[in-house]
Amino acid sequence: ETAHASLGGSTTLVAYFTRSGNTRVIAGTIHRALGTDLFEIRPAQSYPEDYEATVEQARGERDRGDEPSLAERVPNVGSYETVFLGFPIWGETAPPVIRSFLSAHDLQGTTLRPFITHGGYGLGNSLSVLASHAPGARIEPPFVMEADQERRTLNQVRGWLGEIERP
Ligand SMILES: Cc1cc2nc3c(=O)[nH]c(=O)nc-3n(C[C@H](O)[C@H](O)[C@H](O)COP(=O)(O)O)c2cc1C
């Protein structure tokens, strides 16, 4: 067990990727409500702290079809009957690391329950990415939630900072 995983022998797993934390709130809620195992999907190389740099990197990875390496894999993924899979929409699709996650874990025969957050522009083609990268999984209709965009926060804070005297 690590800081990023709580794997206690449940037959249900919540696996999620997050940058700004919106998806983590949902993951934690499912984990506590249902007593599931919990796993944070992390790339081996973290994304930049800077938002715009992350958007730029993610766009390149998407366009090239990159599947960035994972920091860790789920041990014994075959022992789970149900996997709740959570992620934010990035560039109108699932983040590249979600494709890596699905490619690295055999979910044949598993029930996949997606939970997806987006900043107001909807699911894009993320569901077809799940279908193509999780062959043999039974994909249930997703839970979808609009959640705060880091971009909006950034713009508001920059506006505020522009109004105050520089220290
Ligand atoms: C790199 C990047 C790309 C994004 N692209 C989209 C997008 O195409 N459509 C959209 O509605 N929201 C987009 N967003 C907003 C996130 O999907 C939304 O804020 C989400 O709730 C963030 O989840 P998190 O806090 O778990 O990281 C993007 C955010 C980031 C960081």
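Tabulated values for the structure
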quantity	calculated
Hits in the range 108-145 (condition: of a type in the set (Gly, Ala, Ser) and within 25 Å of ASP66 (Cβ to Cβ))	GLY119, GLY122, GLY124, SER126, SER128, ALA131, SER132, ALA134, GLY136, ALA137
Residue in the range 47-64 that is part of a loop (DSSP other than H, G, I, E, B), among the charged types (D, E, K, R), open to solvent by 30 Å² or more (accessible area, probe 1.4 Å) and under 16 Å from ILE116 (Cα atoms) present	no
Among (1) within 16 Å of the ligand (Cβ to nearest atom); (2) touching an Asp or Glu at 6+ places or on another chain (Cβ under 7 Å); (3) of a type in the set (Val, Ile, Thr), the one test that THR111 misses	(1)
Top-ranked residue in the range 120-155 [being near the ligand (Cβ under 8 Å from one of its atoms) and in contact with a strand residue (DSSP E or B) (Cβ under 7 Å, 6 or more places away or on another chain); ranked as nearest to GLY91 (Cα to Cα)]	GLY124
Which listed residue is touching a residue at least 40 places away in the same chain (Cβ under 8 Å) and acidic (Asp, Glu), from ASP50, ASP66, ASP37	ASP37
Matching residues in the range 1-34 - criterion: being without any contact (Cβ under 8 Å) to a residue 24 or more places away in the chain, away from the ligand (no atom under 13 Å from the Cβ) and either under 16 Å from PRO95 (Cα atoms) or open to solvent by less than 30 Å² (accessible area, probe 1.4 Å) (or both)	none
Conditions (1) within 13 Å of the ligand (Cβ to nearest atom); (2) in a loop (DSSP other than H, G, I, E, B); (3) touching a strand residue (DSSP E or B) at 6+ places or on another chain (Cβ under 6 Å): number failed by VAL74	(1)
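The rows are residues; the columns are (1) within 16 Å of THR12 (Cβ to Cβ); (2) out of contact with any helix residue (DSSP H, G or I) (no Cβ under 7 Å at 6 or more places or on another chain); (3) not hydrophobic (A, V, I, L, M, F, W, C).
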position	(1), (2), (3)
PRO75	yes, yes, yes
PRO96	no, no, yes
PHE101	no, yes, no
ALA104	no, yes, no
THR111	yes, yes, yes
ILE116	no, no, no
PRO135	no, yes, yes
GLU140	yes, yes, yes
PHE143	yes, yes, no
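The values are calculated or read from the model by the stated rules, or taken from the named source; none is laboratory data. Small disclaimer: the values here were computed from a predicted structure and weren't measured. Neighbour counts run over all protein chains shown; Cβ positions are idealised from the backbone, glycine included. Note: accessible area is taken over every heavy atom of the protein model, side chains too, but ligands, DNA and RNA are not part of it. Shrake-Rupley method; radii C 1.70, N 1.55, O 1.52, S 1.80 Å.
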